[in-house]
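The values are calculated or read from the model by the stated rules, or taken from the named source; none is laboratory data. Computed from a prediction, not measured in an experiment: that's the story for all the values here. Cβ atoms come from the backbone with ideal geometry, glycine included; neighbour counts cover every protein chain shown. SASA here: full protein model, heavy atoms, side chains in, ligands and nucleic acids out. Shrake-Rupley method; radii C 1.70, N 1.55, O 1.52, S 1.80 Å.
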Amino acid sequence: MHPDSREVVKMATGLVGTLAALVLGLLISSAKSSFDQKTGQVRQMTATIILLDDLLGQYGSEATSVRTLLRQSVPPLADRIWHEGASPTAKPVVFQSTAQSSAFEIQLAGLSPNNDAQRSLQSRAIQAFTDGAQIRLQLFTQTGGSIPTPFLIILIFWLSAIFVSFTLFSQTNLIVMASLFVCALSFAGAIFLVLELDNPFTGLMGISSATLRSALLPLPAS
């Protein structure tokens with residue numbers, strides 16, 4: 001309780017609090033950037049699938065079977081992406097295309113254009129498929145959390161040290177306990193926000209797969 005000791009403890013606590021604030025801000029920024037990046041990639045893939053279907057629709061009735069395969073490949077694609085995003089990446093996993101995607105690629109390349117317009121549409125469709133495949137591979141290589149676990153462990157240790165210092169020079173009463181509870185709840189909410197943003201395919205703030213699954217309307221019955 002010596003005044004000099006109290007000043008040292010306050011200065012040390014202030015330094016730790018500054019470091020904790022910097023690291024917490026860094027973690028939130030990193031998690032938000034990762035979340036926005038994956039959200040943008042899912043939207044871009046959805047737009048690419050819609051464009052691909054539109055190009056095949058312009059190609060003509062010869063591409064009806066290919067458009068049907070495109071619709072059949074979307075649900076397995078979404079299942080794979082969200083399953084990979086929800087699984088830890090402790091073990092290396094080899095990427096494998098779905099059977100529907102492989103069949104679609106073969107049929108798309110096997111179209112026989114009858115004129116220059118169809119050749120142009122086929123070329124653009126192949127390019128759109130290639131772009132979508134690249135986005136899919138990027139999502140595969142970015143699965144798992146982007147925040148190292150030691151960052152969170154060190155941050156929690158610093159926050160615990162700060163809370164311990166709060167109770168050194170204050171008497172325990174209802175106001176102090178309520179203040180510490182609100183402060184602890186705020187820090188816990190910040191860490192929860194970091195973890196939610198760092199895993200965009202799971203949790204309460206996860207990216208919905210409904211947009212990708214419902215990107216294409218059913219083909220009209222012939």
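So the values come out like this:
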item: Residue list for the stretch 154-213, restricted to those being touching a residue at least 12 places away in the same chain (Cβ under 8 Å) and open to solvent by 80 Å² or more (accessible area, probe 1.4 Å); result: Ile154, Ile156, Phe166, Leu168, Thr211, Arg213
item: Residue match in the stretch 28-40 (condition: part of a helix (DSSP H, G or I), among the hydrophobic types (A, V, I, L, M, F, W, C) and loosely packed, with under 15 Cβ neighbours inside 10 Å); result: no
item: Those residues of the stretch 27-47 which are without any contact (Cβ under 8 Å) to a residue 24 or more places away in the chain and of a type outside the set (Asp, Glu), in sequence order; result: Ser29, Ser33, Gly40, Ala47
item: Arg119 vs. criteria basic (Lys, Arg) and in contact (Cβ under 8 Å) with a residue 12 or more places away in the chain; result: no
item: Answer residue from the stretch 41-56, given it is of a type in the set (Val, Ile, Thr) and open to solvent by less than 60 Å² (accessible area, probe 1.4 Å) and is nearest to Leu212 (Cα to Cα) among those; result: Thr46
item: Test: residue in the stretch 149-159 that is within 30 Å of Arg71 (Cβ to Cβ) and part of a helix (DSSP H, G or I); result: no
item: Every residue from the stretch 167-188 that is more than 18 Å from Ile28 (Cβ to Cβ) and in a helix (DSSP H, G or I); result: Leu174, Ile175, Val176, Met177, Ala178, Ser179, Leu180, Phe181, Val182
